[in-house]
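Working notes, beginning with the structure itself.
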Amino acid sequence: MAFSGQALVRGMANRCARCGARGIFRSYYRLYPNCRACGMRFERESGEWTGALMIIIAFTEILFALWFGIGLWVTWPDVPWVLLLVGGIALNILVPVLFYPWSQSVWIGLHYSFVPLDAAEEADAIAALAADDDPEAGTGRAGS
Ligand SMILES: [Zn+2]
């Protein structure tokens, strides 16, 4: 198992972990089932997005810890508790809602970093590309 930092960087940039193509999302919250450039299936196994949940939870809590810690440090001893509370609640709601798609992309990159496609997944990618000859990508796409 060889770690590929490039795949992780691509994932963090909302690009395909395998080929680096842009445009892996059909809309803000919806991934294409496969990369339109290389055919890699993004949901590689059942439960795939548990990894994305782990990433968004960790990311949110790191931001929350920074918000709270820096807030305490900067304002001590006259801490604006209500501001810290309201800001913390807003942060814990907004960050997961806004950054969940990014966490999926990061997870795809992280997963691919450690586990490149196996032979069956390579075949699936080739089949997905062959089935997606429609130049109007994203419209009228049949199957997945
Ligand atoms: Zn790709």
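Here, each number is a calculation from the coordinates, and none is a lab measurement. Everything numeric in this text was worked out from a predicted model, so none of it was measured. Ideal geometry is used to build each Cβ from the backbone, glycine not excepted, and the neighbour counts take in all protein chains shown.
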Within the range 18-100, GluC sites (Glu not before Pro) in DSSP loop having at most 13 other beta-carbon neighbours inside 10 Å: E45
Non-local residues with an amide H under 5 Å from the amide H of L31, with H modelled 1.01 Å from N and Pro and chain starts lacking one, are R26
Ordered by number, the trypsin sites (Lys or Arg not before Pro) in the range 1-104 that occupy a DSSP loop and have at most 11 other Cβ atoms within 10 Å are R30
Helix-only [θ] at 222 nm, the chain, -39500 (n - 2.57) per DSSP H run of 4+, per residue, nearest 500, equals -19500 deg cm²/dmol
Point-charge dipole on Cβ atoms (K/R +1, D/E -1) for the range 11-144, about Cα centre, debye to 20: 300
So what is log10(I(q)/I(0)) for the range 5-131 at q = 0.10, 0.12, 0.18, 0.22 1/Å, when the Debye sum runs over its Cα atoms only? -0.41, -0.53, -0.90, -1.19
Residue ranges of DSSP H helices in the chain that stretch 30 Å or more (Cα, own long axis) and have mean Kyte-Doolittle hydropathy of at least 0.5 are 50-75, 81-114
